[in-house]
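> Here it is, the structure, as structure tokens.
The values are calculated or read from the model by the stated rules, or taken from the named source; none is laboratory data. Treat the numbers as computed from the prediction; the structure is a model and nothing was measured. Here Cβ is always computed from backbone atoms with ideal geometry, including for glycine, and neighbour counts include all displayed protein chains.
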Amino acid sequence: MPFSHDKLFLSLYNSLQHRPTALTDASGITDTVISKLMSQAKDGLLQPSQIIQTATVALHRFDTAASVHYQAFHKLR
């Protein structure tokens with residue numbers, strides 16, 4: 001399945017909805033996650049677990065509650 005910027009953004013946004021600045025926060029974290037993923041891509045490919053792990057770490061550093069919410073819906077396999 002191809003990587004979807006919009007799917008990542010919506011997933012992060014849903015996890016950040018408790019914040020009054022959720023839209024801006026989700027946009028910034030999406031950019032951060034994509035930037036980190038670019039260096040991890042091998043031959044232009046990413047595993048879903050790489051995306052989940054990178055997003056979880058970024059969220060945890062920013063907002064622990066959002067990180068817990070994200071992990072509840074995105075299980076690492």
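> Does region 60-72 hold any residues that are in a helix (DSSP H, G or I) and over 24 Å from P2 (Cβ atoms), and which are they?
If the condition is that a residue be in a helix (DSSP H, G or I) and over 24 Å from P2 (Cβ atoms), then H60, R61, F62, T64, A65, A66, S67, V68, H69, A72 are the ones that fit.
> Answer yes or no as to whether F3 is free of Cβ contacts under 8 Å to residues at least 40 places away in the same chain, in contact with a helix residue (DSSP H, G or I) (Cβ under 8 Å, 6 or more places away or on another chain), on the phi < 0 side of the Ramachandran plot and not acidic (D, E).
Answer is no for this residue.
> Determine the pairs where a residue that is buried (at least 21 other Cβ atoms within 10 Å of the Cβ), located within region 7-18, has a partner that is of a type in the set (D, E) and part of a helix (DSSP H, G or I) with Cβ atoms under 9 Å apart, the partner being 6 or more residues away or on another chain.
Listed pairs, sorted by first residue: L12/D25; L16/D25.
> Return the pairs, sorted by first residue and then second, in which the second residue is in a helix (DSSP H, G or I) and among the charged types (D, E, K, R), the first residue lies in region 39-67 and is within 20 Å of L10 (Cβ to Cβ) and modelled with pLDDT of 95 or more, the beta carbons are less than 6 Å apart, and the residues are 6+ apart or on different chains.
T54/K36
> If the requirement is being without any contact (Cβ under 8 Å) to a residue 12 or more places away in the chain, at negative phi and part of a helix (DSSP H, G or I), which of these qualifies: T24, T30?
T24
> Related question: Across region 34-59, what is the total count of residues that are aliphatic (A, V, I, L, M), in contact with a Leu (Cβ under 9 Å, 6 or more places away or on another chain), outside any loop (DSSP other than H, G, I, E, B) and under 17 Å from K75 (Cα atoms)?
5
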